[in-house]
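*Asks:* If you scroll down you'll find the structure; I have some questions about it.
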Amino acid sequence: MRRLAALTLSAAAALLACTPEPASTVEMRQTVVEVVDQGRAMAIENAMVALVGSVDPDGGLAGITDEVAAGVAMHTPCAVVSRPGAVALRIWFGSKDSPCPYAGIGLSGTMRVVYTRPDGQGLLASIYYEPLRGDSTLLDGFSQLTWAADGSQRLVTEIRVDTATEREVEIQSDRLLSRVDDALKVEGWRRWQTLMGTWEADLAGLLLGPEALMPFAGLAAVDTPFNHTIVLDFTQEAGGAQVRANGGRRDRLFEVTDEGDVIDIGDG
């Protein structure tokens with residue numbers, strides 16, 4: 001009996017030893033900071049999709065390019081649009097000291113878009129950031145935009161980002177974009193590399209209002225470089241965006257200001 005009790009205690013101790021520690025408050029807050037930086041980059045990407053991707057994908061390539069050129073001139077009259085090819089546009093949004101506003105973002109630098117049909121049918125818009133700055137966030141790389149039969153769009157991105165927090169981040173992502181009333185619905189994944197290691201977020205039903213930095217609904221499950229999965233639940237309160245983070249044992253509530261500052265409110 002004594003030996004059985006000793007074995008039972010040993011097994012329990014081994015099980016406890018194998019149970020990972022939950023994420024700390026510091027790690028949960030850093031995860032929210034990472035997602036805010038990602039949100040700034042995604043806001044620029046989403047703005048470019050709206051600017052050059054609001055077209056009938058069944059139209060002729062030259063006609064689509066003409067339509068987008070006219071739309072850019074109307075929505076961003078401060079930008080300079082050139083036509084390097086029959087199905088390509090280059091858009092210069094001005095200098096960093098004199099940015100061009102669009103979708104609530106002060107844009108500067110250059111973006112180029114090329115329209116093709118690689119398979120002879122589906123429309124592909126290849127978007128190149130050469131680089132493109134939105135306020136304090138700089139994008140360098142490319143996105144590929146395609147259309148589905150239900151009107152949704154798939155955006156695959158590979159970019160380098162200089163963030164507002166003065167870091168350089170390598171990002172890959174694959175997202176499905178659709179409209180729900182006046183909101184943009186985002187689903188898919190996003191992976192980024194920092195000096196801390198690799199982060200990856202699975203995005204489920206994120207809803208973004210017009211010109212919003214943070215979602216007002218939806219979830220993100222973020223795998224951190226520290227072997228934790230932190231689940232973020234996004235809501236909108238009177239004071240601004242709120243994020244409830246769970247790192248394995250308890251919830252922690254954070255508020256994100258319109259400027260992107262992260263405030264630790266406490267246990268949720």
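*Asks:* Segment 126-252: percent of C-alpha pairs farther apart than 18 Å?
*Replies:* Beyond 18 Å sits 62 percent of the P(r) for segment 126-252.
*Asks:* Any idea what the relative contact order of segment 156-268 is, in percent, if you count C-alpha pairs under 8 Å spaced at least 6 apart?
*Replies:* That works out to 13 percent.
*Asks:* Another question about this same structure. For segment 111-177, just the Cα set please: Rg and Dmax, both in angstrom.
*Replies:* For segment 111-177, the Cα radius of gyration and maximum Cα-Cα distance read 13.5, 43 Å.
*Asks:* Any idea what angle helix 2-18 forms with the longest principal axis of the chain, computed on alpha-carbon atoms, 0 to 90 degrees, nearest 10?
*Replies:* That helix lies at roughly 20 degrees to the long axis.
*Asks:* Provide the solvent-accessible area of Asp56, counting protein heavy atoms only and rolling a 1.4 Å probe, rounded to the nearest 10 Å².
*Replies:* 90
*Asks:* Hey, what number do you get for the chain at 222 nm if only DSSP H runs of n ≥ 4 count, each worth -39500 (n - 2.57), divided across all residues, to the nearest 500? Walk me through the intermediate numbers first.
*Replies:* Values: 3 runs with 61 residues, N = 268.
Estimated from H runs of four or more residues: -8000 deg cm²/dmol.
*Asks:* Where does segment 184-268 land on Rg(C-alpha)/(2.2 N^0.38 Å)?
*Replies:* Working it through for segment 184-268, the quotient is 1.08.
*Asks:* From the mean inverse distance of alpha carbon pairs (Kirkwood) and the Cα radius of gyration, derive Rg over Rh for segment 8-158. Don't skip to the end; give the middle numbers.
*Replies:* Working: Rg = 21.6 Å, Rh = 17.7 Å.
Over the Cα atoms of segment 8-158, Rg/Rh equals 1.22.
*Asks:* Another question about this same structure. Once you have the alpha carbon radius of gyration of segment 35-105, what is it after dividing by 2.2 N^0.38 Å, with N set to its residue count?
*Replies:* Cα Rg divided by the expected 2.2 N^0.38 Å: 1.19.
*Asks:* If you don't mind, another one. Relative contact order for the chain using alpha-carbon pairs under 8 Å, separation at least 6, rounded to a whole percent?
*Replies:* Values: 576 pairs, mean separation 30.8, N = 268.
Relative contact order here is 12 percent.
*Asks:* Let me ask something else. Given that compact globular proteins tend to follow 2.2 N^0.38 Å, what is the ratio of the alpha-carbon Rg of the chain to that value?
*Replies:* Its radius of gyration relative to the 2.2 N^0.38 Å reference: 1.19.
*Asks:* How much length is gained if the chain between Asp97 and Ser54 is pulled fully straight, taking 0.36 nm per residue apart and subtracting their Cα-Cα distance, in nm to one decimal?
*Replies:* Gain on stretching Asp97 to Ser54: 12.6 nm.
*Asks:* Could you state how much accessible area Arg179 has, in square angstrom rounded to the nearest 10, with a 1.4 Å probe and all protein chains kept in place?
*Replies:* We get 150 Å² for Arg179.
*Asks:* Taking one equal scatterer on every alpha-carbon of segment 66-150, how large is log10 of I(q)/I(0) by Debye at q = 0.10, 0.20 1/Å?
*Replies:* -0.26, -0.95
*Asks:* Continuing with the same structure: Can you send over the solvent-accessible area of Leu51, 1.4 Å probe, protein chains only, in Å² to the nearest 10?
*Replies:* Approximately 10 Å² for this residue.
The values are calculated or read from the model by the stated rules, or taken from the named source; none is laboratory data. These figures come from a predicted structure and were not determined experimentally. With ligands, DNA and RNA removed, areas are computed over all heavy atoms of the protein, side chains included. Shrake-Rupley method; radii C 1.70, N 1.55, O 1.52, S 1.80 Å.
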